[in-house]
Amino acid sequence: MAQENYSCHYDKLMGFFYNNTGIEDKWDKAQLILAQVVGSLFCCFILLSNSMVIAAVITNKRFHYPFYYLLANLAASDFLAGIAYVYLMFNTGEVSRKLTVNAYFFRQGMLDVSLSASLANLLVIALERYISVMNWKVHSNLTKRRVTLLIVLVWAISIFMGAVPSLGWNCICNLGDCSRLAPIFSRSYLTFWSGSNLVVFLVMVAIYMRIYTYVKKKTSVLTPHTSGSINRKRTPIKLIKTVMVVLGAFVFCWTPGLVVLLLDGLNCKSCMVIKSKRWLLLLAVLNSVMNPCIYSYKDEEMWTTIKNLLRCIGNGTRRQRSSKANTRPLSSTQDTGNSQPPSEEMKNDDQSILKA
C-alpha cells in the first residue's frame, strides 16, 4: 500500500482520487439542474455586465486614466471568472469523477487564475490609490506604458499561480498528501496558496487604513483654511470609497473559502470542509456579480456611460431590423402598386391592335 501511495497515477480518472480521499460529495440530480440553471443566469449577468464596464472604459475618454484602466482589468478578471464558473458547473457532480487529470487541472486552474488576477488587481489599485492620495491628486502620474506593464505582470503572475499544481506541486505521486476539497492538490500547496492570499488581504486592508487616516488628517487640516474649495478635493476620496467597497465585498466573499482551504491544507479532520464547499462557491460567484453593480452605483459617470452603450446597442438592433424589412423582396400584389409606367413600344402596340 505504501508503494502504491508513492507511485504516480497520471493515467487515472478523477474517480480514483475521489475514492482515495474517502469523501462522498454526490449531487442530487434535481439539485444539480437547479444549480446549473441559476448559476448560468448569474454567469450570463457576470459576462454581460463586466464586458459593459470594459467597453465603458474604452469608449469614454474621461476614464482614460490609470485607475480606470486597472478597474477595467479587474472587470476582465471577473469576466474570466464567469467563464470558469460555467465550465465548473457543467463539469461537476458525477461528471467530475470522469474527468482526466489534465481536465481537472484546467478546470481548477481557470478558477485559480481568475482569483489571483482579481487579488493582484486589487493590490495594484490599492498602490495606485496610495500614490495619488499621498500626492493629494485625483489620479496618479503613472504613464500608460507603466500601467500596461502592470497589467501584463498581473496576468503573468496569475497564470503562473494557476499553473503551479499542474507543473508538479500536486499529490499525484503521493496520495497520502492529497487534500479533500481538491483531490489531486497537495495539502502543502493549499496551505501556501490560501495563506498567501490571506496575507495579501491583510496588506491591502493596511494600505487602505493608512490612506483613510491620511485623508482624515489632511481634510481636518485643510477645512479651517478653506470654505468651498475643499469640496473639489473630494473626488479622490470618492474613488477611494469605490475601491474600499469593492475590496470589502471581495474580502467578505472570499475569506470564508480561503479559511476552509487553509483548514483542509492543515488536515483538520473535525472541520466540515466538504459540507460548506457549495455555499462558499456561491459566495465566490456573488462577488463577480456584485463588482459591476458597485462600479455603477458608486460612479455616476460609469452608470451613465453604460446606459448610453445599451441605448446604442438597442438602436443599432432596431435599425438592423428595419433595414432587413426594407430589403425584403415584394410580393406580386405589392409589385402592381409600384409597377413602372408602360414604355412607348407597348403603347404603339396597343394602338395598332385597336385600329385593327
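Values for this structure:
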read-out	value
Within the range 269-291, considering residues that are surrounded by 15 or more Cβ atoms within 10 Å (Cβ to Cβ) and outside any helix (DSSP H, G or I), the one nearest to the chain's Cα centre (by Cα)	S276
Unique match (being free of Cβ contacts under 8 Å to residues at least 24 places away in the same chain, closer than 22 Å to S77 by Cα, assigned to a helix (DSSP H, G or I) and not small (G, A, S)) among R107, R129	R107
Selection status of L266, surrounded by 17 or more Cβ atoms within 10 Å (Cβ to Cβ), in contact (Cβ under 8 Å) with a residue 40 or more places away in the chain and more than 20 Å from V57 (Cβ to Cβ)	no
Selected residue [at pLDDT below 80, within 22 Å of the chain's Cα centre (by Cα), surrounded by 13 or more Cβ atoms within 10 Å (Cβ to Cβ) and within 29 Å of L122 (Cβ to Cβ)] from I240, I294	I240
Residue match in the range 173-194 (condition: in a helix (DSSP H, G or I), under 19 Å from A249 (Cα atoms) and out of contact with any strand residue (DSSP E or B) (no Cβ under 9 Å at 6 or more places or on another chain))	yes
In the range 132-170, the residues that are of a type in the set (K, R) and either closer than 30 Å to V101 by Cβ or not in a loop (DSSP other than H, G, I, E, B) (or both)	K144, R145, R146
Residue in the range 86-97 that is aliphatic (A, V, I, L, M), touching a Gly at 6+ places or on another chain (Cβ under 6 Å) and under 30 Å from L13 (Cβ atoms) present	yes
Those helices (runs of 4 or more DSSP H) lying entirely in the range 1-95 with at least 1 residues touching a residue at least 40 places away in the same chain (Cβ under 8 Å) and more than 28 Å from the chain's Cα centre (by Cα)	2-5, 14-21
Search result, residues across the range 275-294 that are hydroxyl-bearing (S, T, Y) and in contact with a Phe, Trp or Tyr (Cβ under 9 Å, 6 or more places away or on another chain)	S288
Any pair with Cβ under 7 angstrom, 6 or more apart, that starts in the range 137-154 at a residue that is under 29 Å from T219 (Cβ atoms) and ends at one that is among the polar types (S, T, N, Q) and buried (at least 16 other Cβ atoms within 10 Å of the Cβ)	V138/S132; H139/S132; S140/S132
Flag for V289 being at pLDDT below 80 and within 30 Å of T92 (Cα to Cα)	no
Residue satisfying all of: in the range 12-61; of a type in the set (D, E) and out of contact with any Lys or Arg (no Cβ under 9 Å at 6 or more places or on another chain); most open to solvent (accessible area, probe 1.4 Å) among these	E24
Count of residues meeting criterion [touching a helix residue (DSSP H, G or I) at 6+ places or on another chain (Cβ under 6 Å) and buried (at least 18 other Cβ atoms within 10 Å of the Cβ)] in the range 140-164	9
Selection status of Y130, open to solvent by 40 Å² or more (accessible area, probe 1.4 Å) and on the phi < 0 side of the Ramachandran plot	yes
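The values are calculated or read from the model by the stated rules, or taken from the named source; none is laboratory data. Quick caveat: nothing in here was measured; it's all calculated off a predicted structure. Positions of Cβ are generated from backbone atoms using ideal geometry, with glycine treated the same way; all protein chains shown enter the neighbour counts. Accessible surface areas use protein heavy atoms only, side chains included; no ligands, DNA or RNA. Shrake-Rupley method; radii C 1.70, N 1.55, O 1.52, S 1.80 Å.
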